[in-house]
Amino acid sequence: QVQLVESGGGSVQAGGSLRLSCVASGFTYGRYCMGWLRQAPGKEREGVAAIDDEGTTSYADSVKGRFTISNDNAKNTLYLEMTDLKPEDTGMYYCAAKNIPPGRACDYGGSWFYWGQGTQVTVSS
């Protein structure tokens with residue numbers, strides 16, 4: 001069974017940086033899609049970024065140029081490098097994953113089969 005465990009969240013001031021990590025177990029690479037989603041207080045969950053096995057990435061407009069998603073296949077680990085953080089980036093961040101069939105796009109706003117427990121990111125003014 002696939003398990004995803006996030007880490008790296010914390011509290012930072014606006015303009016700061018954080019690196020989130022997600023260690024995957026029981027997940028077989030072949031054709032896959034992995035991503036990050038977040039949920040701010042009082043708001044619905046939204047997709048942030050996604051990456052597939054070929055390295056193709058997708059980002060929400062609100063984080064383009066500031067966040068970078070990557071995957072270390074040797075360590076079965078997904079990362080989200082976040083820079084120039086803003087108060088509106090505050091929320092619970094979740095790692096997610098799914099296998100995808102040939103030709104299927106991996107989009108940050110798509111649905112997911114597997115979820116982590118989340119890691120909190122708080123950005124103060």
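The values are calculated or read from the model by the stated rules, or taken from the named source; none is laboratory data. Not measured: the values here are computed from a predicted model. Neighbour counts run over all protein chains shown; Cβ positions are idealised from the backbone, glycine included. These area figures cover heavy atoms from the full protein model, side chains too; ligands, DNA and RNA do not enter into them. Shrake-Rupley method; radii C 1.70, N 1.55, O 1.52, S 1.80 Å.
Close Lys pairs in the chain (alpha-carbon distance under 21 Å; sequence gap of 8 or more, or different chains): 4.
Put a plus charge on the Cβ of each Lys and Arg, a minus charge on the Cβ of each Asp and Glu, and nothing anywhere else: the dipole of the chain about its Cα centre is then about 140 debye.
For the pair N76 and T57 in one chain, pulling the backbone fully straight at 0.36 nm per residue adds 5.1 nm over the alpha carbon distance.
The accessible surface of the range 40-125, taken with every protein chain in place and a 1.4 Å probe, is 47 percent carbon and sulfur.
Length gained on full extension, E44 to S111: 22.7 nm, using 0.36 nm per residue less the C-alpha separation. Among beta bridges from DSSP that stay inside the chain, the antiparallel ones total about 90%. Measuring with a 1.4 angstrom probe and ignoring ligands and nucleic acids, V5 comes out at about 80 Å² accessible.
Assign one of three labels to the chain, namely rounded, prolate or oblate, based on the Cα gyration tensor with a ≥ b ≥ c the square roots of its eigenvalues; rounded applies when a/c is under 1.5, prolate when it is not and a/b is larger than b/c, and oblate otherwise. Note, shape of the chain comes out prolate. Were the residues from V5 through S25 laid out at 0.36 nm apart, the gain over their Cα-Cα distance would be 6.3 nm. Each of L78, C22, Y114 was placed along the dipole of the chain (beta-carbon charges, centred on the mean Cα), and the one lying farthest toward the positive end is Y114. Label zone of I100 (point 7 Å out along Cα→Cβ, amide N under 12 Å): in the range 50-74 this covers 50-59.
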